[in-house]
Amino acid sequence: MKLQPFTVSSVLVVLMLLAPGARATRTETPSGGLANLVSLSGWLAVIWGDGPPGSNVNVEEYWLTDDNGQSTQLLLSEELTKPWGGRLALNQRRVTVEGKWTSIAVQGMDAAILAQSIRLEAQSRLSPAGDHWVTGPQPWLSILCKFSDVTAEPKPLSYFQGMYSETYPGLDHYWRELSYNMINTVGSGAVGWYTLPHPRSYYVYDTNGDGKVDLDHIRAANDCTAAADPFVYFPGYVGINLMFNFDLDGKAWGGSGYMTLDGVTKSWRLTWEPPWGYQNIGVIEHEMGHGFGMPHSSGAYGQTYDNEWDVMSDHSSGCWRGSVSHSDPVYGCMAQHTIAYHKDHVSWMPAGRKFVAASGSRATITLERLALPSTSNYLMARIPIPGSSTRFYTVEARRLVGYDSHNPIPGEAVVIHEVDTTRERPAYVVDVDNNGDTGDAGAMWLPGEVFSSTANGVTVCVNSATSTGFVVTIGQGAPANCSFQADFSFSALQTSPAQPQAGQRITLTTRLLNWGGASAPGVTVTLTILNDTALVPGSATTSQGAVTGSGPLVFNVGTMAYNQPVTLTFGVTVSAQITSPTMLSGPVSIAWTGGSLARAHTVIVNGLPVYLPIVIR
C-alpha cells in the first residue's frame, strides 16, 4: 500500500515498494506498545513522482524492505541522514533504522516508523547499485498493461520497441551520449499489451482518506510484471518501464524497488508511466534518470522543475525555445543533458576529466563542453566549501551540440551549481540576478564575468571561450586575480566562390569575433586587395563602423564586446590574364587597443579538380 506524503515536525515522508499484504517485523521494548522503539534492517530506496510538465507537482517517497520482502514506510528527517551524506547517499543501500511507530494505520497496514537513528551497514556494498556505479549494459523492459475496464491502446507495441533505438532520438542513443558511452541499453525491448486482472480503481484509489487518489505502486508493479512473466525472463534486465493505458494519479514515477522476479531478488530500476509520460520521450528519460539514482536539481527558489540545464529538472522548455517546435515527429519532446554533478554521482565522470580545487589554491583551466566533448580537457570543476564534506560548487561548460541542441539549452555559457548533498534537491543553479529564471543572463556566466562567494572563499572567473568550451580561473581560499583580454583568434575568413576562374568576381568576407573576457576598443581591420585582382567599386561593407580607402581597405569598427560578431565584406574581380592554377593572397590585419592579429585571405584561381580512385575489394 502507499501513503500520501505529509510533514511531521519538518520530517519528510519517504517510500519504497511493499509486497501485497506484507507487514514489517518489529522489535519493541519489553513494555510493548506503538510508542516504543523498534529496529529494522533492510534496503532503502527512493521513488520520485512527477506531474506533467508545467504542473510543478512532485513527490519524493522512500521505503525500507527487509530480507523477507516485507516493506515499511519511513518518516526520515534530513538532519538524521546528514552524517551519511544525505538521503540520496543512502538510496539503494542497506541500513538499520531505529524509531517509533506512528499512530497512522491505513488499509490494515502497520503505521509508518518515525526514524530516530539510521546506520549504513557495511554489507550495503553488495547492493546491485549501492555504490552508485551505473556502467555497462543497462537493458530495460517496457511492459504495456491495460486496466481491465479501459480497452484503449494509446500506442502500438512497435512504438515502444522503436523507443530503445541506437539511432537518434532513441533511448540507447540518448544514454550513450549522456554517459560518454559508459552505458547503453542494448538488449532492451517491449512486450504487451496485457490486460490487468482488475479495473483501474483497484490500482488508483484514495489510500489514506484525504480525498485524493493515489497510485498503489505495489499492486500495479506486481500485476503488470506477472502478466508479462510467461513471455520474458526478468533477470535479463536491470530496469522495467511499466506503461499504462490511462492516467495514474496525475504523476509519472521513477526510482527503484526491491522485488523478486523469476527467482532473483534485487533492487530493480522502475518507472510507472501514464500515456502522457510516453508520448514525449523526455519524460521517459527523466524517469529513467530517477531509476539510475539521479535526483532533481533546481534553482534556489523553492521550485522543482526550474533548472533549464538539466533533464532531471526542466526537461521540456527547450522543446519550444524561440517559439519554434524542436520535438521529434514520432517521439515528441526529447530532453537535454543532465548536469555535471549528476554525471559524477553515477560515475560517468572520468577522474582525469574532473578538476578539484585544493584549499588555498588558484588555477586556470580549460573546461570542455559537457555534451559531445571533442578534446581531453576537463569536463567539470568541483570547488569544495571549507568545513563541509557535503557542500561544494560545480562548474561546467555548455554548448549547443548533441541533445543540448535537440532540446536547446538557453545558450552557450559556463553554468555553476551550488551543491549540498543532504538536500532533497542537492544542486541549485547559481543565478546572480535571483529573479527565478535559470535560463537568462543571470545564470549564464560568460567571458568577462566573475562569480564570487566571499563567505565560502570561492571565485570563478570566465576568462575566454574556446571553440568547444571556456577558459576559467578558479580560486579556493585565494584571490583568483582574474585577467581578461580580448581574443580575436576565432575570427573567420571566407571567399565565395571557393574555386574561382580567371575573370570571375569574388566576394571576400571577414567575420570578426571577440571571444575574450575583455571588450576590445578601437578595433581596426586593414584588408589588402589580393594580387592580380581589382576592387569592385562600392562593394566594401561593414555591419558596424565605417570603411575608408581602396588599396588597402580600412574598416574602423570601434569597440567589440564578447560574442558580438561584426561582418566585413568586399568584392574583387580576378584578372583574365591568369591561365594556370594560381594562389592569390591578401593580408588581413586586425588591431585593437592592446593587441593585434595577422591573417590573410587566400584563394586558388583556375584550380584543377582532383578525383580520388575508387578501390573495390
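The values are calculated or read from the model by the stated rules, or taken from the named source; none is laboratory data. The structure presented is a predicted model; accordingly, all values stated were derived computationally and were not measured. In this analysis, Cβ positions are derived from the backbone assuming ideal geometry, glycine residues included, and neighbour counts consider all displayed protein chains.
Given the criteria surrounded by 14 or more Cβ atoms within 10 Å (Cβ to Cβ), modelled with pLDDT under 95, more than 19 Å from Thr495 (Cα to Cα) and not assigned by TED's automatic domain parsing to the domain that holds Trp445, does Asn556 qualify? Considered against the rule, which asks whether it is surrounded by 14 or more Cβ atoms within 10 Å (Cβ to Cβ), modelled with pLDDT under 95, more than 19 Å from Thr495 (Cα to Cα) and not assigned by TED's automatic domain parsing to the domain that holds Trp445, Asn556 comes out as no.
How about the range 81-91: which of its residues are out of contact with any helix residue (DSSP H, G or I) (no Cβ under 9 Å at 6 or more places or on another chain) and either assigned by TED's automatic domain parsing to the domain that holds Gly263 or surrounded by 19 or more Cβ atoms within 10 Å (Cβ to Cβ) (or both)?
First, the residues of the range 81-91 that are out of contact with any helix residue (DSSP H, G or I) (no Cβ under 9 Å at 6 or more places or on another chain): 82-83, 85, 91.
The answer is Asn91, and nothing else.
Within the set Thr510, Thr542, the sole residue that is over 30 Å from Trp445 (Cβ atoms), buried (at least 17 other Cβ atoms within 10 Å of the Cβ) and hydroxyl-bearing (Ser, Thr, Tyr) turns out to be Thr542.
Trp276: touching a strand residue (DSSP E or B) at 6+ places or on another chain (Cβ under 8 Å), hydrophobic (A, V, I, L, M, F, W, C) and within 26 Å of Tyr202 (Cβ to Cβ), yes or no? Yes; evaluated as a whole, the condition is true for this residue.
Check His342, His417 and return the single one that is within 17 Å of Asn181 (Cα to Cα) and buried (at least 23 other Cβ atoms within 10 Å of the Cβ). Reasoning before the result, please.
Values: His417 fails: within 17 Å of Asn181 (Cα to Cα).
Of the residues listed, the single one that is within 17 Å of Asn181 (Cα to Cα) and buried (at least 23 other Cβ atoms within 10 Å of the Cβ) is His342.
Suppose the filter is among the aromatic types (Phe, Trp, Tyr), under 29 Å from the mean Cα position of the chain (by Cα) and more than 17 Å from Ser188 (Cβ to Cβ); does Trp268 pass it? So Trp268 fails the test.
Okay, residues lined up against (1) touching a strand residue (DSSP E or B) at 6+ places or on another chain (Cβ under 7 Å); (2) modelled with pLDDT of 95 or more; (3) among the basic types (Lys, Arg):
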| site | (1), (2), (3) |
| --- | --- |
| His326 | no, no, no |
| Ile365 | yes, yes, no |
| Ser376 | no, yes, no |
| Leu379 | yes, yes, no |
| Ile383 | yes, yes, no |
| Ser388 | no, no, no |
| Thr394 | yes, yes, no |
| Ala397 | yes, yes, no |
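Mind checking which residues of the range 250-268 are without any contact (Cβ under 8 Å) to a residue 60 or more places away in the chain and either crowded, with 21+ Cβ neighbours inside 10 Å or in the same structural domain as Asn58 (by TED's automatic domain parsing) (or both)? Give the steps one after another, and end with the answer.
Residues of the range 250-268 without any contact (Cβ under 8 Å) to a residue 60 or more places away in the chain: 261-264, 268.
Trp268 - this is the single residue of the range 250-268 that is without any contact (Cβ under 8 Å) to a residue 60 or more places away in the chain and either crowded, with 21+ Cβ neighbours inside 10 Å or in the same structural domain as Asn58 (by TED's automatic domain parsing) (or both).
Against the condition surrounded by fewer than 24 Cβ atoms within 10 Å (Cβ to Cβ) and in contact with a strand residue (DSSP E or B) (Cβ under 8 Å, 6 or more places away or on another chain), how does Thr271 come out, does it pass? Walk me through it before giving the result.
On the way: surrounded by fewer than 24 Cβ atoms within 10 Å (Cβ to Cβ): no; in contact with a strand residue (DSSP E or B) (Cβ under 8 Å, 6 or more places away or on another chain): yes.
So Thr271 does not fit the description; no.
For the residues Ile143, Ile104, the requirement of being crowded, with 22+ Cβ neighbours inside 10 Å, of a type in the set (A, V, I, L, M, F, W, C) and either at pLDDT 80 or above or within 28 Å of Asp247 (Cβ to Cβ) (or both) singles out Ile143.
Residue pairs whose Cβ atoms lie under 7 Å apart, separated by 6 or more positions or on different chains, with the first residue in the range 399-412 and in contact (Cβ under 8 Å) with a residue 40 or more places away in the chain and assigned by TED's automatic domain parsing to the domain that holds Pro447 and the second surrounded by 21 or more Cβ atoms within 10 Å (Cβ to Cβ) and part of a helix (DSSP H, G or I), are Tyr403/Tyr174; Asn407/Gly282; Asn407/Gly318; Asn407/Cys319; Pro408/Gly318; Ile409/Gly318.
Can you name every residue in the range 176-219 that is at pLDDT 95 or above and in a helix (DSSP H, G or I)? Matches in the range 176-219: Arg176, Glu177, Leu178, Arg200, Ser201, Tyr202, Tyr203.
When Gly282 is tested against (1) of a type outside the set (A, V, I, L, M); (2) touching a Cys at 6+ places or on another chain (Cβ under 8 Å); (3) not assigned by TED's automatic domain parsing to the domain that holds Glu177, just one condition goes unmet, and that condition is (3).
When the range 43-84 is filtered for residues that are modelled with pLDDT of 85 or more and aromatic (Phe, Trp, Tyr), the ones remaining, listed by number, are Trp43, Trp48, Trp84.
Condition check for Trp276 on (1) within 21 Å of Val57 (Cα to Cα); (2) touching a Ser or Thr at 6+ places or on another chain (Cβ under 8 Å): one failure, at (2). Evaluating Ala498 against the criteria (1) assigned to a strand (DSSP E or B); (2) within 45 Å of the chain's Cα centre (by Cα); (3) closer than 22 Å to Gly607 by Cβ; (4) hydrophobic (A, V, I, L, M, F, W, C) leaves one unmet condition, (1). The lone criterion from (1) basic (Lys, Arg); (2) in contact with a strand residue (DSSP E or B) (Cβ under 8 Å, 6 or more places away or on another chain); (3) modelled with pLDDT under 75 left unmet by Arg125 is number (2). All of (1) within 13 Å of the chain's Cα centre (by Cα); (2) more than 23 Å from Leu171 (Cβ to Cβ) hold for Trp348 with one exception: (2).
What about Ser158, is it modelled with pLDDT of 95 or more, assigned by TED's automatic domain parsing to the domain that holds Gly189, in contact with a strand residue (DSSP E or B) (Cβ under 9 Å, 6 or more places away or on another chain) and not in a strand (DSSP E or B)? So that I can check it myself, show each step before the final result.
Working: modelled with pLDDT of 95 or more: yes; assigned by TED's automatic domain parsing to the domain that holds Gly189: yes; in contact with a strand residue (DSSP E or B) (Cβ under 9 Å, 6 or more places away or on another chain): yes; not in a strand (DSSP E or B): yes.
The answer is yes for Ser158.
So which pairs qualify, if the first residue must be in the range 216-244 and under 16 Å from Ser256 (Cβ atoms), the second must be basic (Lys, Arg), the Cβ gap must be under 8 Å, and the two must be at least 6 apart or on different chains? Cβ pairs passing all conditions: His217/Lys2; Ile218/Lys2; Val238/Arg269; Gly239/Arg269; Ile240/Arg269. Taken residue by residue, the range 385-404 has at least one member that is polar (S, T, N, Q) and either on the phi > 0 side of the Ramachandran plot or under 22 Å from the mean Cα position of the chain (by Cα) (or both). Once the range 439-471 is narrowed to residues that are within 27 Å of Gly322 (Cα to Cα) and part of a strand (DSSP E or B), the residue that is farthest from the chain's Cα centre (by Cα) is Ser464. One residue is enough: does the range 198-215 have a residue meeting the conditions of a type in the set (Asp, Glu), within 31 Å of the chain's Cα centre (by Cα), surrounded by fewer than 22 Cβ atoms within 10 Å (Cβ to Cβ) and in the same structural domain as Lys146 (by TED's automatic domain parsing)? No: the range 198-215 contains no residue that is of a type in the set (Asp, Glu), within 31 Å of the chain's Cα centre (by Cα), surrounded by fewer than 22 Cβ atoms within 10 Å (Cβ to Cβ) and in the same structural domain as Lys146 (by TED's automatic domain parsing).
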